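**Q** Quick one: the structure is below, and I'll ask about it shortly.
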Amino acid sequence: MREGLDSLLQSYVDSGLLPVVSVRIWRKGVACYAFDAGFMHPGQPVRTDAIYRICSLSKLITAVAMMQLVEKGKLSLKDPVYRYLPSFARRRILQQDPSGKVRLAKEKRPCLVEHLLTMTSGIPNYDLNTEATPDGFGYLYKQLRYRENTSHPMTTYEMAWRIGLLPGYCHPGEHFVYGIGLTVGAAIVELIAGQRFGEYVRTHIFEPMGMRDTDFWVPPSKRERLCDFFGAEGEPLNRPTEMRHFSKPTLEDGSDGLVSTADDMMRFGRMLQNGIGIDGRQVLSSRTLQVMARNRMNILQRREIGRIPIL
């Protein structure tokens, strides 16, 4: 079976379907399979300790951070977001009638913490598909990141505050909209914990689980281990978005900002089974894990999950 799996994964690289593959499997608490193939950079074979930009997997870590605060009674899933970010108090929702006319309407209900966690807040993604939205709406969200690579980037809190000033894509709780609600969640963690989001996740999640290579940036001593970020045709991309991990960021984005390794993410996945880190420290209780696993979406919202665009 191992040889067959090796062959299958290697074929993804050999065919050009994927530039790099890194797989880890644990079974009953024991590491039983590891496989790495492809190239970190053109002509350089991938290392077993390669560091990857984990993009939206950052959202899972932010969700755990928020649920830790829920577990401690410092945050409630039913808290309105405006309790922490007043910019959400007067939030408006974009509405378009059959004729295409656009107007802004008052929210039917406030955006709650649980809406951020379930992607039902109406907050879209940075790269919102503008073809399906009125002119200018998607542009507003794209512009949230324009300062990221300037000499005066936004903080995590400022980014979340600005999201509250923008119109929502739908009323909170009505539809599943894949977006950056966990960027707002990271700012809420900062406010409650009284420390930067990166410091919180490092001391409360990464260190207890032995995730030594997971962070918002890659220090010079680890730079050679950072894998290229590849485009659809397998070409390395060196856009400003990819270069941001070469220095400590001002914006620690809870939706899309972390780097990690296959082994670190395996440790994180194992913790989600029982809440216990690799050194035996409790990261989440079994009760909290049950709350996280409970379905909170209706039939319509579950159908909408399948519409997430693959860019």
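The values are calculated or read from the model by the stated rules, or taken from the named source; none is laboratory data. Computed from a predicted model, the values in this text were never measured in an experiment. Note that each Cβ is placed from the backbone with ideal geometry, even for glycine, and that neighbours are counted across all protein chains shown. Only protein heavy atoms, including side chains, enter the accessible area calculation; ligands, DNA and RNA are left aside. Shrake-Rupley method; radii C 1.70, N 1.55, O 1.52, S 1.80 Å.
**Q** Please go through the range 109-165 and pick out each residue that is among the aliphatic types (A, V, I, L, M), at pLDDT 75 or above and assigned to a helix (DSSP H, G or I).
**A** From the range 109-165, those among the aliphatic types (A, V, I, L, M) are 112-113, 116-117, 119, 123, 128, 132, 140, 144, 154, 159-160, 163, 165; that's our starting set.
If we keep only those that are at pLDDT 75 or above too, we end up with 112-113, 116-117, 119, 123, 144, 154, 159-160, 163, 165.
Once the filter is applied, which keeps residues that are among the aliphatic types (A, V, I, L, M), at pLDDT 75 or above and assigned to a helix (DSSP H, G or I), the range 109-165 yields V113, L116, L117, L144, M159, A160, I163, L165.
**Q** May I ask you to verify whether T48 is hydroxyl-bearing (S, T, Y) and either in a loop (DSSP other than H, G, I, E, B) or touching a His at 6+ places or on another chain (Cβ under 6 Å) (or both)?
**A** Values: hydroxyl-bearing (S, T, Y): yes; either in a loop (DSSP other than H, G, I, E, B) or touching a His at 6+ places or on another chain (Cβ under 6 Å) (or both): yes.
So T48 fits the description; yes.
**Q** So V291 clears everything in (1) farther than 23 Å from S56 by Cβ; (2) at pLDDT 90 or above; (3) open to solvent by less than 90 Å² (accessible area, probe 1.4 Å) except one condition, right? Which one?
**A** (1)
**Q** Would the range 181-200 turn up any residue that is at pLDDT below 95 and of a type outside the set (S, T, Y)?
**A** Pass one, the range 181-200, residues at pLDDT below 95: none.
The answer is no; no qualifying residue exists.
**Q** Of the residues in the range 77-106, how many are open to solvent by 30 Å² or more (accessible area, probe 1.4 Å), farther than 16 Å from W161 by Cα and more than 25 Å from the chain's Cα centre (by Cα)?
**A** Just the residues of the range 77-106 that are open to solvent by 30 Å² or more (accessible area, probe 1.4 Å), to begin with: 78, 82-84, 86, 89-90, 92, 95-104, 106.
Then drop every residue that is not farther than 16 Å from W161 by Cα, which leaves 78, 95-104, 106.
Those still in the list that are more than 25 Å from the chain's Cα centre (by Cα) too: 95-104, 106.
Counting residues in the range 77-106 that are open to solvent by 30 Å² or more (accessible area, probe 1.4 Å), farther than 16 Å from W161 by Cα and more than 25 Å from the chain's Cα centre (by Cα) gives 11.
**Q** Among the residues of the range 53-76, what is the count of those that are under 17 Å from the mean Cα position of the chain (by Cα), within 28 Å of E107 (Cβ to Cβ) and open to solvent by 70 Å² or more (accessible area, probe 1.4 Å)?
**A** 1
**Q** If I filter the range 226-255 down to residues being polar (S, T, N, Q) and surrounded by fewer than 20 Cβ atoms within 10 Å (Cβ to Cβ), which single residue comes out as farthest from T150 (Cα to Cα)? Walk me through it before giving the result.
**A** First pass over the range 226-255, keeping only residues polar (S, T, N, Q): 238, 241, 247, 250, 255.
Checking the rest, the ones that are also surrounded by fewer than 20 Cβ atoms within 10 Å (Cβ to Cβ) come to 238, 241, 247, 250.
Values: N238: 16, T241: 12, S247: 13, T250: 11 Å.
Ranking the candidates gives N238 first.
**Q** Another question about this same structure. If C32 meets every condition in (1) more than 30 Å from V218 (Cβ to Cβ); (2) at pLDDT below 95; (3) not charged (D, E, K, R) apart from one, which number is that one?
**A** Here C32 meets the rest and fails (1).
**Q** With the requirement that a residue be at pLDDT 95 or above and assigned to a strand (DSSP E or B), what does the range 54-106 give you?
**A** Once the filter is applied, which keeps residues that are at pLDDT 95 or above and assigned to a strand (DSSP E or B), the range 54-106 yields only P80.
**Q** One residue is enough: does the range 170-192 have a residue meeting the conditions at positive phi and either among the polar types (S, T, N, Q) or surrounded by fewer than 16 Cβ atoms within 10 Å (Cβ to Cβ) (or both)?
**A** Let us first name the residues in the range 170-192 that are at positive phi, namely 173.
Within this subset, residues satisfying the condition of being either among the polar types (S, T, N, Q) or surrounded by fewer than 16 Cβ atoms within 10 Å (Cβ to Cβ) (or both) are none.
No, the conditions are met nowhere in the range 170-192.
**Q** Sticking with this one: Might you let me know whether the range 203-219 holds any residue that is closer than 26 Å to V46 by Cβ, open to solvent by less than 10 Å² (accessible area, probe 1.4 Å) and of a type in the set (D, E)?
**A** no
**Q** Turning to a different aspect of this structure: Does R302 satisfy being open to solvent by 30 Å² or more (accessible area, probe 1.4 Å), touching a residue at least 24 places away in the same chain (Cβ under 8 Å), charged (D, E, K, R) and under 27 Å from V113 (Cα atoms)?
**A** Numbers: open to solvent by 30 Å² or more (accessible area, probe 1.4 Å): yes; touching a residue at least 24 places away in the same chain (Cβ under 8 Å): yes; charged (D, E, K, R): yes; under 27 Å from V113 (Cα atoms): yes.
It is true that R302 is open to solvent by 30 Å² or more (accessible area, probe 1.4 Å), touching a residue at least 24 places away in the same chain (Cβ under 8 Å), charged (D, E, K, R) and under 27 Å from V113 (Cα atoms).
**Q** Okay, next question. Part of a helix (DSSP H, G or I), of a type outside the set (G, A, S), modelled with pLDDT of 95 or more and under 25 Å from P219 (Cβ atoms): does that describe L8?
**A** Details: part of a helix (DSSP H, G or I): yes; of a type outside the set (G, A, S): yes; modelled with pLDDT of 95 or more: yes; under 25 Å from P219 (Cβ atoms): no.
So L8 fails the test.
**Q** Let me ask something else. What single numbered condition from (1) closer than 23 Å to T120 by Cα; (2) outside any loop (DSSP other than H, G, I, E, B) fails to hold for P172?
**A** (2)
**Q** Can I ask one more? Please name all residue pairs, on different chains or six or more residues apart, with Cβ atoms under 8 Å, provided the first residue is in the range 143-161 and is open to solvent by 50 Å² or more (accessible area, probe 1.4 Å) and the second residue is charged (D, E, K, R).
**A** N149/R244; Y157/E190
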